[in-house]
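A short worksheet on the structure shown next.
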Amino acid sequence: MAKERTSVRMQTQIKIMSAQGHSLRSIARVLRLSRRTVRKYLEPAAQSPSENGGWEEGIDWDYVRQEVYGKGTTVKQIGQEVAPDIAYVKFWRVFREQAGRKASPEQVTVRLHDKPGEKTQVDFCDGVFITERESGKKTLTQFFLGVLPFSSYTFGEFVLDQKLGTFIGVQSRMFAYFGGVTPYLVVDNLKSGVHKADLYDPDVNPTYCDFANHMGFAVLPARPYKPKDKGSGECHIGVLQRDFFQEVRNRVFYSLEELNTALRHYLERLNHQLMKDYGMSRVQRFEEEKKQLKALPPSPFELSEWRRAKVHPDCHIQVEKNFYSVPFVYAGQQLRIRLTEKMVEVFSEDSQSVAAHSRLSGIGKFSTFDSHYPEKKLSVARFEVHHAKAQAQKLGPEVEKLVDKLFATDHPLRHLRRVQGILRLAKRYPITLEALNHACAQALVFNKTRLSYIKDCALYLVRHGQRPTLLAPSRQADTVHLHQRLIDCETEEEIL
């Protein structure tokens with residue numbers, strides 16, 4: 001029968017008790033060892049240090065410990081540098097005695113105790129491939145995971161990308177799955193959540209910040225390159241990569257719905273599985289945590305987009321080729337624009353509301369409030385409107401009709417400059433009053449009130465004397481055309 005080997009820990013305990021003054025007999029009795037075994041491990045300590053040559057006394061073991069535990073240098077490499085003449089095994093044994101007992105500060109971790117319903121940790125990772133049935137093309141999905149650290153209650157979903165709309169939508173479904181909202185949410189530094197990462201003052205994406213305010217939680221971006229800030233999320237991603245990803249490795253999924261259905265079945269099993277550390281399942285711990293969650297908001301979040309625009313001298317900003325007025329005091333300044341499906345909201349740099357308009361569709365349209373202009377400028381513009389109407393009446397009935405139509409809108413100042421250009425066409429170009437009235441009549445018929453169209457139509461009438469007409473191409477009488485040749489061939493075949 002092989003002899004039982006004395007562990008290194010027991011050998012160390014023998015030397016400690018000997019240094020404390022205990023006799024050989026008492027050490028053997030306390031540690032339940034034979035006196036021969038105790039004597040065997042005490043004999044090297046009684047020998048003179050000259051047996052090892054005293055080389056270990058000339059080494060800075062604090063430096064060795066810092067290099068090994070702090071910088072990741074191997075014991076073999078540091079041994080070759082500080083003691084090149086000593087064998088690796090011999091150096092390793094002395095290293096374990098001198099430097100192996102103390103851990104560096106980098107090795108020490110602090111155990112976090114999460115309160116029920118306090119935080120949610122979310123993260124992304126590469127998911128599982130889905131395959132198109134027709135072409136066989138494979139697309140890599142993205143896996144989103146959300147977990148409550150106290151109960152480890154887990155939510156997951158496969159999506160196609162990590163864009164802002166997807167990121168907000170999947171979190172809305174996550175909180176609906178939990179049945180409530182936590183006060184804090186720890187998020188990784190992806191662009192959809194954090195506009196600019198920083199160790200002390202990260203800049204959260206404005207649209208995501210609006211979503212957080214709507215749901216009622218504060219965003220806590222994790223520090224860059226510090227995965228332990230969201231340790232529960234990282235741990236559960238590893239759990240699903242080891243379990244679910246391997247479970248479905250030989251399956252072929254043809255859609256996200258099919259893949260997420262399989263994931264939901266797995267999460268149901270995972271959340272009801274008994275956890276060895278607590279002696280209960282995630283669902284059982286979640287029942288206690290769910291009482292601490294805040295209620296979901298009554299209305300869904302409306303996705304918005306933030307932009308910047310400079311105010312033009314005419315007190316308008318341009319957004320998607322349409323124009324919206326703002327107060328004249330902001331002329332020349334950069335303002336923040338919030339776009340939703342139905343509204344355009346304008347804010348100053350300090351987030352003060354400036355103006356709000358209904359969102360316009362199409363191109364080149366205006367939304368103007370007269371109150372945004374200075375009163376002095378507004379009175380002058382109103383006088384110019386009356387003056388323009390009087391001039392149009394003198395130029396002819398069709399010109400008057402067109403000008404009245406342009407000024408009949410809710411904001412007549414919008415078309416003032418265009419009307420002024422129409423009235424001055426007869427002075428700037430060789431256009432007669434007859435041509436100008438004809439052009440204005442055509443503009444009313446075809447609803448083309450742009451200045452360029454009216455000018456071209458009037459100039460054409462002046463130069464050609466009539467409206468453009470469609471003319472059939474002239475053909476010579478003895479010319480045989482292709483369709484006539486085909487008819488003749490068919491006639492000959494019928495006769496034969």
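The values are calculated or read from the model by the stated rules, or taken from the named source; none is laboratory data. What you see is a predicted model; the values in this text were computed from it and never measured. Virtual Cβ from ideal backbone geometry, glycine too; neighbours counted across all protein chains shown. Surface accessibility is based on the protein's heavy atoms, side chains included, excluding ligands, DNA and RNA. Shrake-Rupley method; radii C 1.70, N 1.55, O 1.52, S 1.80 Å.
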At 1.4 Å probe size, with every protein chain present, just tell me what the per residue accessible area of region 132-174 comes to in Å². 41
How much solvent-accessible surface does His214 expose, in Å² to the nearest 10, with a 1.4 Å probe and all protein chains in place? 60
For Phe129, list long-range residues whose amide hydrogen, built 1.01 Å from N in the peptide plane, is under 5 Å from its own amide hydrogen. Thr141
Degrees, to the nearest 10: 35-46 long Cα axis against longest axis of the chain: 70
Provide Cys315, Cys235 ordered by accessible surface of protein heavy atoms (probe 1.4 Å), highest first. Cys235, Cys315
Can you give the FRET efficiency to the nearest 0.05 for Lys191 and Trp306, using r as the Cβ-Cβ distance and R₀ = 22 Å? 0.95
Pair Glu287, Glu134: separation of 7 Å Cα→Cβ label points (nm): 5.1
As a test of reading the structure, rank Met215, Met174 by solvent-accessible area (1.4 Å probe, protein chains only), most first. Met215, Met174
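My understanding is that a pair violates if its Cα-Cα distance is over 22 Å; which of Lys163/Lys228; Lys71/Lys119; Lys342/Lys405; Lys401/Lys448; Lys389/Lys427 do that in this structure? Walk me through the numbers before you get to the answer.
Values: Lys163/Lys228 24 Å; Lys71/Lys119 33 Å; Lys342/Lys405 27 Å; Lys401/Lys448 14 Å; Lys389/Lys427 17 Å.
Lys163/Lys228; Lys71/Lys119; Lys342/Lys405, as the Cα separations exceed 22 Å there.
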Given the options Ser325, Gln284, Ser348, identify the residue whose Cα lies farthest towards the positive end of the charge dipole of region 251-372 (+1 on Cβ of Lys, Arg; -1 on Cβ of Asp, Glu). Gln284
Dipole of the chain [Lys/Arg +1, Asp/Glu -1 at C-beta], most positive-end residue of Asn205, Ser371, Trp306: Asn205
Size of electric dipole in region 246-381: Cβ of Lys, Arg +1 and of Asp, Glu -1, about Cα centre, debye, nearest 20: 180
Helix-only mean residue ellipticity at 222 nm, the chain, DSSP H runs n ≥ 4 weighted -39,500 (n - 2.57), per residue, nearest 500. What is it? -12500 deg cm²/dmol
Please list Lys230, Lys394 in order of solvent-accessible area, largest first, computed with a 1.4 Å probe with all protein chains present. Lys394, Lys230
What's the extension gain from Gln318 to Lys389 if we count 0.36 nm per residue and subtract their Cα-Cα distance? 22.7 nm
Of the listed values (i) 19; (ii) 11; (iii) 60, identify the label whose number matches percent of Cα pairs over 41 Å apart calculated from this model. (iii)
So, R0 is 60 Å and r is the distance between the beta-carbons of Val110 and Arg418; what FRET efficiency does that work out to, to 0.05? 0.30
When the chain is fully extended, how far beyond the present Cα-Cα distance does Asp85 get from Asn447, taking 0.36 nm per residue of separation? 120.6 nm
Rounded to the nearest 0.05, what FRET efficiency do Lys365 and His464 have when you use their Cβ-Cβ distance and R0 = 51 Å? 0.90
Separation of the Leu42 and Lys276 label points, Cα + 7 Å toward Cβ, nm: 4.1
Which ³J(HN,Hα) values in Hz, rounded to whole numbers, follow from the phi angles of region 66-80 under the Karplus curve 6.51 cos²θ - 1.76 cosθ + 1.60, where θ = phi - 60° and Gly and Pro get x? 5, 5, 6, 8, x, 10, x, 5, 6, 5, 5, 5, 5, x, 5
If I model a spin label at Phe245 and Gln333 as a point 7 Å from the Cα along the Cα→Cβ vector, what separation in nanometres do I get? 5.1
